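The values are calculated or read from the model by the stated rules, or taken from the named source; none is laboratory data. Since this is a predicted model, take the numbers as computed values, not measurements. In this analysis, Cβ positions are derived from the backbone assuming ideal geometry, glycine residues included, and neighbour counts consider all displayed protein chains.
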């Protein structure tokens, strides 16, 4: 029976329920009462013991009638000789209504119970003043319980929202990693195979060299894919750090038909791992876009260490970009990642060609 192990049932409330119910039963045995009242009282106790493990603590779980039945049973204890010790059970019942039905429906149910509390005591010979006084006490306790339940419900909603945002962020990061890593490799492989096709008759040795490089890049692409599938964390930069990783990335574009150069300006200093990864991705995206769109003959990457910041610029001598052409997925994602580190990413046409510029604090 899965409902007996409901993970949404607060453990502390379970402890309070059994302690209060036990204490109430003991007190009833001490307080004088008629045989009928005692029979009704213990029948009510048995009913609550049966209802307690069946109570749902989330909406949409079924067994919704159990919640008002439990509250009715807790109220009945007061009419059969609980001597007021049943009030904590009332608080539990009210809180359960809020969890199961929501604040509005729970409030309507409590109003209905309040009307019953005013009328029923009159049949036991009590005055209207006594009935109103008891109802007022229970009403105050209900407001307190509803307030606590509302706080818990809001905390649950916040937790669910944080979980949704975390999942969405991870999905976005996965998409960015796939685009940056696999997209880069596939672009270089495509260009290499096109070169091999062009060289196959006139320069067969060069064609086979392109095929060999494409095979190596395919192996690297598969390794990258396995890494980000296995663990959702920034991909290692092939064992290289700082400018060495960027230099190796620039060298991987050799033989694509575009002359790629990379240089470092200023005194190099150690950067945070997140900053290193973002700079790596910016250079990767910039060089890949040159191959895809620029129709350039050369591209130059420059990493400059300035006071308080590091600047990476990728500039080509291609055709530039049409003003009506927006940023693609890669640049938009990179801009978000750069901003998250307190930096800026800008791009646009230069005097000749296109320029991508990333600035990060260091």
Restricted to segment 192-217 and to residues being touching a residue at least 40 places away in the same chain (Cβ under 8 Å) and buried (at least 19 other Cβ atoms within 10 Å of the Cβ), the residue farthest from residue 252 (Cα to Cα) is 195
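Here's the yes/no breakdown for (1) at pLDDT below 90; (2) touching a strand residue (DSSP E or B) at 6+ places or on another chain (Cβ under 6 Å); (3) within 27 Å of residue 193 (Cα to Cα):
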{"position": "251", "(1), (2), (3)": "yes, no, yes"}
{"position": "257", "(1), (2), (3)": "yes, no, yes"}
{"position": "271", "(1), (2), (3)": "yes, no, no"}
{"position": "292", "(1), (2), (3)": "yes, no, yes"}
{"position": "311", "(1), (2), (3)": "no, yes, no"}
{"position": "323", "(1), (2), (3)": "yes, no, no"}
{"position": "329", "(1), (2), (3)": "yes, no, yes"}
Filter segment 255-273 for residues that are exposed (fewer than 12 other Cβ atoms within 10 Å of the Cβ) and in a loop (DSSP other than H, G, I, E, B); the one that is nearest to the chain's Cα centre (by Cα) is 270
(Q) So, residue 13, is that one modelled with pLDDT of 80 or more and either part of a helix (DSSP H, G or I) or surrounded by 11 or more Cβ atoms within 10 Å (Cβ to Cβ) (or both) or not? (A) no
Residue hits (segment 295-319; surrounded by 21 or more Cβ atoms within 10 Å (Cβ to Cβ) and out of contact with any helix residue (DSSP H, G or I) (no Cβ under 6 Å at 6 or more places or on another chain)) are 310, 315
Scanning segment 46-68 for residues that are surrounded by fewer than 18 Cβ atoms within 10 Å (Cβ to Cβ), touching a residue at least 12 places away in the same chain (Cβ under 8 Å) and in a helix (DSSP H, G or I) gives 47, 49, 53, 54
**Q.** Selection status of residue 88, surrounded by fewer than 20 Cβ atoms within 10 Å (Cβ to Cβ), assigned to a helix (DSSP H, G or I), within 32 Å of the chain's Cα centre (by Cα) and assigned by TED's automatic domain parsing to the domain that holds residue 113
**A.** no
